[in-house]
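Colleague: Structure below; questions to follow.
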Amino acid sequence: MSVALTYDNWNQEKLAFILRERSDYLDILKWAFQEYQDDEIVYSCSFGAEGMVLLDLIHKVKKDAKILFLDTGLHFQETYDLIDRIKQRYPSLNITIIKPKLSLSEQANQYGDALWKCNPNLCCQIRKVEPLREALKNAKAWISGLRREQSPTRKYLQYINKDPKFQNIKICPLIHWTSDDIMTYIHLNHLDYNPLHNQGYPSIGCAPCTLPAANANDSRSGRWAGHTKTECGLHQL
Ligand code: SF4
């Protein structure tokens with residue numbers, strides 16, 4: 001049996017072989033679920049539009065795949081409602097809701113009210129980065145819906161990435177998809193999606209940090225408006 005590709009066991013020759021044999025998103029997903037055991041691979045899903053596509057694709061490949069949602073406690077009600085509907089649509093998927101160690105009131109007591117306004121990096125660290133780090137402790141690989149088109153910082157992403165942030169392998173099957181590809185797949189396959197996408201929100205995160213996109217050519221221009229921050233800190237790009 002060959003040794004799985006891991007952060008500590010990164011092997012450029014093996015990677016080249018994997019990529020030579022596999023040419024598209026579905027090949028990559030099939031490889032991922034063969035390469036790693038059930039508990040070794042998770043999909044961290046934000047339940048955005050890419051998430052709807054990836055959940056559907058993953059369900060075709062691995063019916064009981066492990067899915068994580070980082071519940072900061074600050075998401076839009078539309079997002080929580082969508083998750084409930086997705087659980088009904090794909091009952092075999094193993095969807096786990098991950099919560100931060102600090103409740104919102106504990107965070108407010110410790111750091112003051114509305115930390116997202118005065119220090120969004122710390123807020124993301126507490127409510128997203130540390131919970132994901134904990135969730136990935138025993139995983140060898142995680143799947144993400146990042147796409148190259150989304151921002152200049154994402155344009156060099158590969159299908160399979162060495163992820164120094166979480167000392168893990170990060171698999172991004174949708175790197176070549178455009179936002180049009182995503183919505184076309186959603187409509188052709190009659191998938192559910194967050195209704196906020198139809199109200200000017202191409203990218204949806206926590207409610208206090210997400211506005212409708214200010215720039216039609218920049219899907220993430222509604223995130224952390226008024227701050228220089230462009231990423232939540234989960235992705236070291
Ligand atoms: S996106 Fe905003 S509210 Fe959510 S964790 Fe980050 S700073 Fe906090």
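Colleague: I need the calculated FRET efficiency for the pair R85 and Q199, taking r as the beta carbon distance and R₀ as 25 Å, to the nearest 0.05.
Modeller: After rounding, the FRET efficiency stands at 0.90.
Colleague: Further, regarding this structure: Of all alpha-carbon pairs in region 1-126, indicate the percentage at a distance above 17 angstrom.
Modeller: 66
Colleague: Sticking with this structure for a sec: Mind checking which of A65, L26, S44 is farthest towards the positive end of region 1-159's charge dipole, using Cβ charges of +1 (Lys, Arg) and -1 (Asp, Glu) about the Cα centre?
Modeller: Final value for the positive-end residue is L26.
Colleague: Something else now. Return the tail of the calculated pair distribution for region 103-237, meaning the percent of Cα-Cα pairs more than 24 Å apart.
Modeller: Tail of P(r) above 24 Å: 39 percent of Cα pairs.
Colleague: So who's got an amide H within less than 5 Å of the one on Y7, skipping anything under 5 residues away but keeping other chains? H placed 1.01 Å off N, in plane.
Modeller: I169
Colleague: Would you mind checking the radius of gyration and Dmax of region 165-212 based on alpha-carbon positions, in Å?
Modeller: 13.8, 37
Colleague: A further question follows. Set the bar at 22 Å for Cα to Cα. Now go through K63/K87; K30/K155; K101/K155; K117/K137; K137/K162; K128/K165 and name every pair that lies beyond it.
Modeller: Violating the 22 Å Cα-Cα cut-off are K30/K155; K101/K155; K117/K137.
Colleague: Throw me the Rg/Rh for the chain, computed over C-alpha atoms with Kirkwood Rh, two decimals.
Modeller: Rg/Rh for the chain comes to 0.95.
Colleague: Go through region 110-115 residue by residue and turn each phi into a ³J(HN,Hα) via Karplus (6.51, -1.76, 1.60, θ = phi - 60°); whole Hz please, and just put x for glycine and proline.
Modeller: 7, 10, x, 5, 6, 4
Colleague: Nearest 20 debye, what's the magnitude of the dipole of the chain about its Cα centre given +1 on Lys and Arg Cβ and -1 on Asp and Glu Cβ?
Modeller: 340
Colleague: Just rank L93, L188, fewest to most, by other beta-carbon atoms within 10 angstrom.
Modeller: Taking fewest neighbouring Cβ atoms as first place, the list is L188, L93.
Colleague: May I pose another question? Using DSSP to call loops (not H, G, I, E or B), can you name the chymotrypsin sites (Phe, Trp or Tyr not before Pro) in region 154-211 whose Cβ has at most 12 other Cβ atoms within 10 angstrom?
Modeller: Taking region 154-211 and a limit of 12 other Cβ atoms within 10 Å, the loop chymotrypsin sites (Phe, Trp or Tyr not before Pro) found are Y156.
Colleague: Can you give the FRET efficiency to the nearest 0.05 for D192 and H227, using r as the Cβ-Cβ distance and R₀ = 35 Å?
Modeller: Once rounded, the FRET efficiency stands at 0.70.
Colleague: Moving on to the next point. Between K162, K87, K170, where does the largest GNM mean-square fluctuation fall for the chain, given springs only between Cα atoms within less than 10 Å?
Modeller: Maximum among the listed residues: K87.
The numbers here are math on the coordinates, done by the rules we state, and not lab data. Everything numeric in this text was worked out from a predicted model, so none of it was measured. Every residue, glycine among them, receives a Cβ derived from its backbone with ideal geometry; neighbour counts consider all protein chains shown.
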